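To start, the structure itself, in structure tokens.
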Amino acid sequence: MTTQYLVLDTTAFYAGVPYINTSENLVTTPDVISEVSNERTRSLIALSKINVLQGTPANLKAVKEAARRTGDNTMSVADISVLALCLNIAEEGNEPILLSDDFAVENVASRLGIKARPLMTNGISKATEWVFFCPACGKKYSKQRAECIVCGTKIEKRLRKN
């Protein structure tokens with residue numbers, strides 16, 4: 001039997017999800033808890049309303065690779081950890097729904113086939129990739145870097161045009 005889990009990103013805590021939704025299977029990671037730790041959160045964990053789980057090293061690696069491919073490789077450790085947890089839940093034959101308002105997280109989730117539900121925004125309209133380029137000389141790069149190897153100008157990024 002498939003179980004549905006709501007995977008809480010940091011924004012889910014700011015939106016109040018774990019405080020108003022106590023009937024569903026709520027899960028998050030230790031990295032998210034570190035970002036939002038307060039007395040109320042600790043109480044919910046103590047009452048076992050939120051299960052705190054960790055993704056496998058293989059799934060953490062898969063998320064980092066997907067983020068690199070989309071150009072969203074500046075995500076926080078907590079962001080990467082919730083995506084890896086979603087992969088773990090899916091591998092166990094269950095359904096994860098990631099609650100997040102972070103566009104980079106939603107973009108990588110889409111790439112990985114993870115359902116994401118925004119909370120306080122409209123969410124992303126479609127998955128995309130970033131293009132990295134030098135605004136001075138126009139050189140394009142496949143991944144993010146600090147400055148252009150040709151002219152030394154700071155590298156910028158924009159959405160890839162289809």
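In the range 50-71, the qualifying residues are those that are surrounded by 14 or more Cβ atoms within 10 Å (Cβ to Cβ) and assigned to a loop (DSSP other than H, G, I, E, B), and the one that is modelled with the lowest pLDDT is Gly71. The residues of the range 72-99 that are surrounded by 22 or more Cβ atoms within 10 Å (Cβ to Cβ) and not in a helix (DSSP H, G or I), listed by number, are Asp72, Pro96, Leu98, Leu99.
Criterion first (at pLDDT below 90 and surrounded by 22 or more Cβ atoms within 10 Å (Cβ to Cβ)) does Phe103 satisfy it? Break it down stepwise before answering.
Numbers: at pLDDT below 90: yes; surrounded by 22 or more Cβ atoms within 10 Å (Cβ to Cβ): no.
Here the answer is no, as Phe103 does not meet what is asked.
The requirement of being surrounded by fewer than 16 Cβ atoms within 10 Å (Cβ to Cβ) and either in a loop (DSSP other than H, G, I, E, B) or modelled with pLDDT of 90 or more (or both) is not satisfied by Arg158.
The values are calculated or read from the model by the stated rules, or taken from the named source; none is laboratory data. These numbers were taken from a predicted model, which means no experiment stands behind them. No Cβ is skipped: glycine too gets one built from the backbone with ideal geometry, and neighbour counts run over all protein chains shown.
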